[in-house]
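Have a look at the structure below, then the notes.
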Amino acid sequence: MIAIVDYNMGNLASVKNAFMFNNHKIVVESDPDKLKYYDKIILPGVGAFGDAMEHLKQRDMDLALKDYAKSGNYMLGVCLGMQLLFDSSSEFGQNDGLGLIKGKIQAFDKSKFSQPLKVPHMGWNKLLTQEHKLFDSLDESHYLYFVHSYHAVAQNRDDVIAQSEYGYKFDAAVAHNNILGIQPHPEKSHKNGLQIIENFIRI
C-alpha cells in the first residue's frame with residue numbers, strides 16, 4: 001500500500017489521480033502514527049519551504065517521516081517535497097529541513113545566467129539523468145514539467161541522479177538509499193511522468 005502524506009501543503013489530488021491513472025491503490029494519509037504501515041510514501045508539496053516545515057512539525061509529521069526513512073521503505077519527495085528532504089533552505093530566511101539528504105536549497109542565481117531568464121523556472125525542461133530505476137523506459141527526450149524558484153544543491157554528488165539546466169545546471173533528482181526526490185512534477189508530465197510513477201511503484 002502506498003500513501004500520499006497530507007500536511008495541508010501538497011498537490012494531493014493531482015498526485016493521487018496520476019497513481020489512479022496507472023490503476024494503483026493509493027491512500028491520502030494525515031495521521032503520522034499510521035505512516036509506518038505503508039510500503040511506500042509520497043511527500044508532495046507546493047508553496048514555501050518554511051511554511052511546509054511548520055505544517056509538518058505541527059502534526060509531528062516531521063518525526064514520523066524521519067522514523068519512516070529508517071525503516072528502509074522507499075519515500076519519494078516531489079517538488080517542494082523533494083526540497084524538504086534536505087538539511088536547509090534559504091527561502092524567506094534560513095529554515096531547517098528533514099535532513100534526510102545532505103545539502104541545501106537555494107534561489108536561482110541570476111548572476112550566473114548567460115541570458116535573461118524569468119524566475120520562477122516554469123515549463124517543460126529536459127531531465128539529464130544518470131542510470132537509475134526511477135528513470136527506466138522514459139522517452140529519449142526526458143522532458144518533464146517544472147515550477148520552482150529554488151533548487152537543490154546536494155552535498156554528496158553521488159546522491160544526484162539527474163540534473164536539469166535553466167541558466168546553469170542544477171540538481172533535479174536525488175537518491176540516497178531508500179530516500180528519493182524529484183524536482184519536476186511527474187503528475188503533470190504526461191507519459192514520462194506516469195512512467196516515473198510506475199517505476200517508483202516497482203522499485
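Brief remarks follow.
- Count - residues of the range 143-153 that are closer than 21 Å to Glu131 by Cβ and crowded, with 22+ Cβ neighbours inside 10 Å: 2
- In summary, Asn8 fulfils each of the numbered conditions (1) buried (at least 20 other Cβ atoms within 10 Å of the Cβ); (2) of a type outside the set (Lys, Arg); (3) in a loop (DSSP other than H, G, I, E, B) with the single exception of condition (1).
- Tally, over the range 175-195, of residues that are out of contact with any Gly (no Cβ under 8 Å at 6 or more places or on another chain) and of a type in the set (S, T, N, Q): 4
- Positions within the range 102-114 being within 18 Å of Lys169 (Cβ to Cβ) and touching a residue at least 24 places away in the same chain (Cβ under 8 Å), in sequence order: Gly103, Lys104, Ile105, Gln106, Ala107, Phe108, Asp109, Lys110, Lys112, Phe113, Ser114
- Pairs, first assigned to a helix (DSSP H, G or I) in the range 29-56, second of a type in the set (Phe, Trp, Tyr) and crowded, with 19+ Cβ neighbours inside 10 Å, C-beta under 7 Å, six or more apart: Leu35/Tyr68; Lys36/Tyr68; His55/Tyr7; Leu56/Tyr7
- Exactly one residue out of Ser114, Ser88, Ser71 is more than 30 Å from Asp31 (Cβ to Cβ) and surrounded by fewer than 23 Cβ atoms within 10 Å (Cβ to Cβ): that is Ser114.
- Residue within the range 101-122 that is more than 17 Å from Val78 (Cα to Cα), touching a Leu at 6+ places or on another chain (Cβ under 9 Å) and outside any helix (DSSP H, G or I) present: yes
- Restricting the range 176-188 to residues that are touching a strand residue (DSSP E or B) at 6+ places or on another chain (Cβ under 6 Å) and surrounded by fewer than 23 Cβ atoms within 10 Å (Cβ to Cβ), the residue that is farthest from Lys112 (Cα to Cα): Asn178
Computed from the coordinates by the stated procedures, all read-outs in this text should not be read as laboratory data. Worth saying up front: this structure is predicted, and the values here are computed from it rather than measured. A quick note on method: Cβ atoms are made from the backbone with ideal geometry, for glycine too, and the neighbour counts reach across all protein chains shown.
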